[in-house]
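I have placed the structure first, in the form of structure tokens, so that the comments after it can refer back to it.
The values are calculated or read from the model by the stated rules, or taken from the named source; none is laboratory data. Not measured: the values here are computed from a predicted model. Cβ placement follows ideal geometry from the backbone for every residue including glycine, while neighbour counts extend to all protein chains displayed.
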Amino acid sequence: MQIQLSDAGKKFNREWIFRGVDFIFQPGKTYAITGPNGSGKSTLLQAIAGSLNLTTGKITWQQKSTEVADDKVYHYLSLAAPYLELIEEMTAREFLQFHASFKPLISTVTTDTILQLIGLEKAADKQIRYYSSGMKQRVKLAQAIFSDVPLLLLDEPCTNLDISGYDLYHRLIKDYCSSKTIIVSSNDQMEIDFCEERIQITDYK
């Protein structure tokens, strides 16, 4: 998926979070948005997701050379972020099946396969409310990475993960996301070391 930002800017009250962003995210490439905590990385990512209106400028999305309306963009992307909540009354199996009912999974995996890949097969039928923070993050990554969409947005994707979780994250990206446009918002070099291009948010203040 191609995303083009033209003179894009966002401010809250009188403070500019970013402005003057002219950038094209190319299909199938990987990008990192970096910058200090609180600098606006997540705000830019939410704008790219179409969930936040710009103050100035515009964003256009194209899938296979066809422009996507801003109210349809969500069909083409998946997002994992610390501020997104899981349905904790569900089990992991139920949650992934529910998610797949409105955003289908890639054709090479099943729910059971995903649970095995993320190491939660033994806890598949336990309510998510009883999961550790790391287990919950694995579920968040799974619903985003295994969705059959061309655009993957990740905001601090390894939050609450241990070293084995970082290894899992990189393995899933390598094995299942080779054809996707990926944009990662993070300062953690271990989260963004595979990204081909980097955008420093402080360049647009």
Practice problem: Any chance you could count how many residues in the stretch 32-47 are within 22 Å of Tyr74 (Cβ to Cβ) and either of a type in the set (A, V, I, L, M, F, W, C) or out of contact with any Lys or Arg (no Cβ under 7 Å at 6 or more places or on another chain) (or both)? | Solution: 8
Quiz item: If you go through the stretch 10-27 one residue at a time, do you hit one that is surrounded by 15 or more Cβ atoms within 10 Å (Cβ to Cβ) and under 24 Å from Asp148 (Cβ atoms)?
Solution: yes
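Out of all the residues in the stretch 130-145, is one or more part of a loop (DSSP other than H, G, I, E, B), hydrophobic (A, V, I, L, M, F, W, C) and either closer than 29 Å to Gln4 by Cα or over 17 Å from the mean Cα position of the chain (by Cα) (or both)? Step through it out loud before you land on a result.
Residues of the stretch 130-145 that are part of a loop (DSSP other than H, G, I, E, B), as a first pass: 131-132.
Applying the additional criterion that residues be hydrophobic (A, V, I, L, M, F, W, C) yields none.
No: the stretch 130-145 contains no residue that is part of a loop (DSSP other than H, G, I, E, B), hydrophobic (A, V, I, L, M, F, W, C) and either closer than 29 Å to Gln4 by Cα or over 17 Å from the mean Cα position of the chain (by Cα) (or both).
Name every residue in the stretch 79-127 that is of a type in the set (Phe, Trp, Tyr) and touching a residue at least 24 places away in the same chain (Cβ under 8 Å), in order of residue number. Lay out the reasoning, then the answer.
Of the residues in the stretch 79-127, the ones of a type in the set (Phe, Trp, Tyr) are 83, 95, 98, 102.
Tyr83, Phe95, listed by residue number.
It is to be established whether one or more residues within the stretch 21-34 are assigned to a strand (DSSP E or B), modelled with pLDDT of 95 or more and more than 16 Å from Val184 (Cα to Cα). I'd like the intermediate steps shown before the answer.
Kept after step one, since they are assigned to a strand (DSSP E or B), are these residues of the stretch 21-34: 21-25, 30-34.
From what's left, modelled with pLDDT of 95 or more: 21-25, 30-34.
Okay, now just the ones that are also more than 16 Å from Val184 (Cα to Cα), so 21-22.
The answer is yes, given that some residue of the stretch 21-34 is assigned to a strand (DSSP E or B), modelled with pLDDT of 95 or more and more than 16 Å from Val184 (Cα to Cα).
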Quiz item: In the stretch 64-79, what residues are part of a strand (DSSP E or B) and surrounded by fewer than 18 Cβ atoms within 10 Å (Cβ to Cβ)?
Solution: Thr66, Glu67
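Which residue, of Ser101, Ser51, Ser39, is in a loop (DSSP other than H, G, I, E, B), more than 16 Å from the chain's Cα centre (by Cα) and among the small types (Gly, Ala, Ser)? Steps first, please.
On the way: Ser101 fails: in a loop (DSSP other than H, G, I, E, B); Ser51 fails: more than 16 Å from the chain's Cα centre (by Cα).
Only one candidate qualifies: Ser39.
Is it true that some residue in the stretch 81-89 is of a type in the set (Asp, Glu), within 27 Å of Cys158 (Cβ to Cβ) and under 18 Å from the mean Cα position of the chain (by Cα)? Show your work before the answer.
Residues of the stretch 81-89 that are of a type in the set (Asp, Glu), as a first pass: 85, 88-89.
Restricting the remaining residues to those that are within 27 Å of Cys158 (Cβ to Cβ) gives 85, 88-89.
The next check asks that each one be under 18 Å from the mean Cα position of the chain (by Cα); those that pass are 85.
So far as the stretch 81-89 goes, yes, one or more of its residues are of a type in the set (Asp, Glu), within 27 Å of Cys158 (Cβ to Cβ) and under 18 Å from the mean Cα position of the chain (by Cα).
Filter the stretch 149-201 down to residues that are part of a helix (DSSP H, G or I) and among the basic types (Lys, Arg), then give me how many there are.
Within the stretch 149-201, the first condition is being part of a helix (DSSP H, G or I), and the residues that meet it are 163-176, 189-192, 201.
In the following step, the residues that additionally are among the basic types (Lys, Arg) were identified as 171, 174.
So the answer is 2.
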Quiz item: Is it fair to say Asp155 is in contact (Cβ under 8 Å) with a residue 40 or more places away in the chain and either in contact with a Leu (Cβ under 8 Å, 6 or more places away or on another chain) or at negative phi (or both)?
Solution: yes
